[in-house]
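None of the figures in this text is laboratory data; all of them are computed from the coordinates on show. What you see is a predicted model, and the numbers here were worked out from it, not measured in a lab. Note that each Cβ is placed from the backbone with ideal geometry, even for glycine, and that neighbours are counted across all protein chains shown.
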Amino acid sequence: MRKTVYEDHKYVVQDTHCLYIGAKYTLEELLENEDLPIKFRLIAERYLYREEDKDTSLESYFYYLTDKTLFYKVFRQLKGKLQVSILEEKSGFLRKTQKQYAAKQLPLEELMKWSPAEKETRGVVIQEVVISKLAMMAF
């Protein structure tokens, strides 16, 4: 039997301003990924890997993150944001309301206002982590 792995949201993309990391990466995969800048891998190893289990995905880590952790302070200093999909009601044809997912980029503080139960009722799905390169180099 062949085991298939869901890898649609395991990617690393860089532009001149930001670093985009797919949220399905586990912490161990982050440290082994050669596409990530060494500076981010060092930050992840020093502040993220020590707090959490190595098999935890970024999606679940940010879903349950609290403001008491050290990585929360580090992520704020990195000017990080999260690309999320949120279930919203939109008016469709003939004024019928439909529930559809809308993609939004939220700062971590806004996402942390909601409890995990409230995130589940809103249908929040974390897709990617966005980090400012300038803030990362100043870290």
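At a glance:
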quantity	calculated
Of the criteria (1) surrounded by 10 or more Cβ atoms within 10 Å (Cβ to Cβ); (2) more than 19 Å from Met137 (Cα to Cα), which one Leu94 fails	(1)
Test set (1) hydrophobic (A, V, I, L, M, F, W, C); (2) in contact with a Ser or Thr (Cβ under 7 Å, 6 or more places away or on another chain); (3) within 20 Å of Leu48 (Cα to Cα) - Ala103 fails condition number	(3)
Any chance Glu89 is in contact with a Ser or Thr (Cβ under 6 Å, 6 or more places away or on another chain) and free of Cβ contacts under 8 Å to residues at least 24 places away in the same chain	yes
Subset of segment 74-100 (residues that are out of contact with any Lys or Arg (no Cβ under 7 Å at 6 or more places or on another chain) and within 21 Å of Tyr64 (Cβ to Cβ))	Val74, Phe75, Arg76, Gln77, Leu78, Gly80, Lys81, Leu82, Gln83, Ser85
Failed item, numbered, when Leu87 is tested on (1) part of a loop (DSSP other than H, G, I, E, B); (2) of a type in the set (A, V, I, L, M); (3) farther than 20 Å from Met136 by Cα	(1)
